[in-house]
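The values are calculated or read from the model by the stated rules, or taken from the named source; none is laboratory data. Bear in mind that the values here come from a model prediction, so they are computed numbers and not experimental data. Neighbour counts are summed over all protein chains in view; Cβ atoms, including those assigned to glycine, are modelled from backbone coordinates with ideal geometry.
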Amino acid sequence: MKGKYAIKQISIFLENRKGRLADVAKTLSLADINIRALFLADSSEFGILRLVVNNPEKAKAVLLADNFAATETDVFAVEVEDKPGGFYRIVKVLAENDIDVEYTYAYAGSSSKAILFFKVKDTLFEKAVKLLEESGAKLLEAASVYN
């Protein structure tokens, strides 16, 4: 059980063609879904749009209903000081404990804090969260990220 720190991320497979990103944004907008963070990885043929939204279940449902290939994945979020070394402090703990980061992305708002999102193997999720908690890192509960 991943518990209160498991944030549901929506991943959307997108053909790399004009207007496709706008199509996703329109679908979410019409459903009153707020995007909290996003990351887009692309190649010449396709892209994967990863989103953290205020209502992941509804977002996935409306995207699937609009014929997007959407899946749900658990990630966790850590709040750090938005200054040099903040990211390093977190990834150092993971690296020292043999936890590979599959991918990560960040959100830096207008405050002095940044939010780092991490995807690790499902089998290492709980271990990663526990180690970060023990190190004094500030993990964010899913409910606070959605709101």
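Could you identify the single residue in K8, K60, K18 that is surrounded by fewer than 18 Cβ atoms within 10 Å (Cβ to Cβ), out of contact with any Cys (no Cβ under 7 Å at 6 or more places or on another chain) and either on the phi < 0 side of the Ramachandran plot or assigned to a strand (DSSP E or B) (or both)?
Values: K8 fails: surrounded by fewer than 18 Cβ atoms within 10 Å (Cβ to Cβ); K60 fails: surrounded by fewer than 18 Cβ atoms within 10 Å (Cβ to Cβ).
So the residue among K8, K60, K18 that is surrounded by fewer than 18 Cβ atoms within 10 Å (Cβ to Cβ), out of contact with any Cys (no Cβ under 7 Å at 6 or more places or on another chain) and either on the phi < 0 side of the Ramachandran plot or assigned to a strand (DSSP E or B) (or both) is K18.
Just for segment 108-140: of the residues that are basic (K, R) and under 14 Å from F76 (Cα atoms), which one is surrounded by the most Cβ atoms within 10 Å (Cβ to Cβ)?
At the first step, the residues of segment 108-140 found to be basic (K, R) are 113, 119, 121, 127, 130, 138.
With the extra rule that they be under 14 Å from F76 (Cα atoms), the set shrinks to 119, 121, 127, 130, 138.
Details: K119: 19, K121: 12, K127: 15, K130: 13, K138: 14.
Applying the filter and picking the extreme gives K119.
For residues that are at pLDDT 95 or above, charged (D, E, K, R) and within 25 Å of L49 (Cα to Cα), tally how many sit in segment 94-121.
The number of residues fulfilling the criteria is 4.
Would a scan of segment 10-27 turn up a residue that is in contact (Cβ under 8 Å) with a residue 40 or more places away in the chain, in contact with a Ser or Thr (Cβ under 7 Å, 6 or more places away or on another chain) and within 20 Å of N67 (Cα to Cα)?
Scanning segment 10-27, I find at least one residue that is in contact (Cβ under 8 Å) with a residue 40 or more places away in the chain, in contact with a Ser or Thr (Cβ under 7 Å, 6 or more places away or on another chain) and within 20 Å of N67 (Cα to Cα), so the answer is yes.
For segment 125-147, state whether one or more residues are of a type in the set (F, W, Y), modelled with pLDDT under 95 and more than 14 Å from I7 (Cα to Cα). Please lay out each step first, then the result.
Going residue by residue through segment 125-147, those that are of a type in the set (F, W, Y) are 125, 146.
Narrowing further to those that are modelled with pLDDT under 95: 146.
Pick out the ones that are also more than 14 Å from I7 (Cα to Cα) and you get none.
Looking for residues that are of a type in the set (F, W, Y), modelled with pLDDT under 95 and more than 14 Å from I7 (Cα to Cα), one finds none in segment 125-147, hence no.
Tell me whether segment 35-46 contains one or more residues that are part of a strand (DSSP E or B), under 28 Å from K130 (Cβ atoms), modelled with pLDDT under 95 and touching a helix residue (DSSP H, G or I) at 6+ places or on another chain (Cβ under 7 Å).
Yes, there is a match, as at least one residue in segment 35-46 is part of a strand (DSSP E or B), under 28 Å from K130 (Cβ atoms), modelled with pLDDT under 95 and touching a helix residue (DSSP H, G or I) at 6+ places or on another chain (Cβ under 7 Å).
Name the residues in segment 65-91 that are touching a residue at least 60 places away in the same chain (Cβ under 8 Å) and crowded, with 17+ Cβ neighbours inside 10 Å, would you?
If the condition is that a residue be touching a residue at least 60 places away in the same chain (Cβ under 8 Å) and crowded, with 17+ Cβ neighbours inside 10 Å, then A70, V75, F76, A77, V78, E79 are the ones that fit.
Does A70 fit the bill of being under 15 Å from V145 (Cβ atoms) and either more than 12 Å from the chain's Cα centre (by Cα) or not in a strand (DSSP E or B) (or both)?
On the way: under 15 Å from V145 (Cβ atoms): no; either more than 12 Å from the chain's Cα centre (by Cα) or not in a strand (DSSP E or B) (or both): yes.
So A70 fails the test.
Each row is one residue, and each column tells you yes or no for (1) touching a strand residue (DSSP E or B) at 6+ places or on another chain (Cβ under 9 Å); (2) acidic (D, E); (3) under 21 Å from K8 (Cβ atoms).
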residue	(1), (2), (3)
V91	yes, no, no
E96	no, yes, no
E102	yes, yes, yes
K113	yes, no, no
L116	yes, no, yes
D122	yes, yes, yes
A128	yes, no, yes
L132	yes, no, yes
S135	no, no, no
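Looking at (1) more than 24 Å from I33 (Cβ to Cβ); (2) touching a helix residue (DSSP H, G or I) at 6+ places or on another chain (Cβ under 9 Å); (3) not charged (D, E, K, R), which one does A142 not meet, given that it meets all the others?
All conditions pass for A142, except number (1).
Mind listing just one residue for me: the one in segment 21-34 that is aliphatic (A, V, I, L, M) and in a loop (DSSP other than H, G, I, E, B) and, of those, farthest from the chain's Cα centre (by Cα)?
Step by step, filter segment 21-34, then rank; the result is A31.
Please count how many residues of segment 89-147 are assigned to a helix (DSSP H, G or I) and out of contact with any Ser or Thr (no Cβ under 7 Å at 6 or more places or on another chain).
Initial filter on segment 89-147 (assigned to a helix (DSSP H, G or I)): 89-96, 122-134, 142-146.
This time we only want the ones that are out of contact with any Ser or Thr (no Cβ under 7 Å at 6 or more places or on another chain), so: 89-92, 94-96, 122-134, 142-146.
So the answer is 25.
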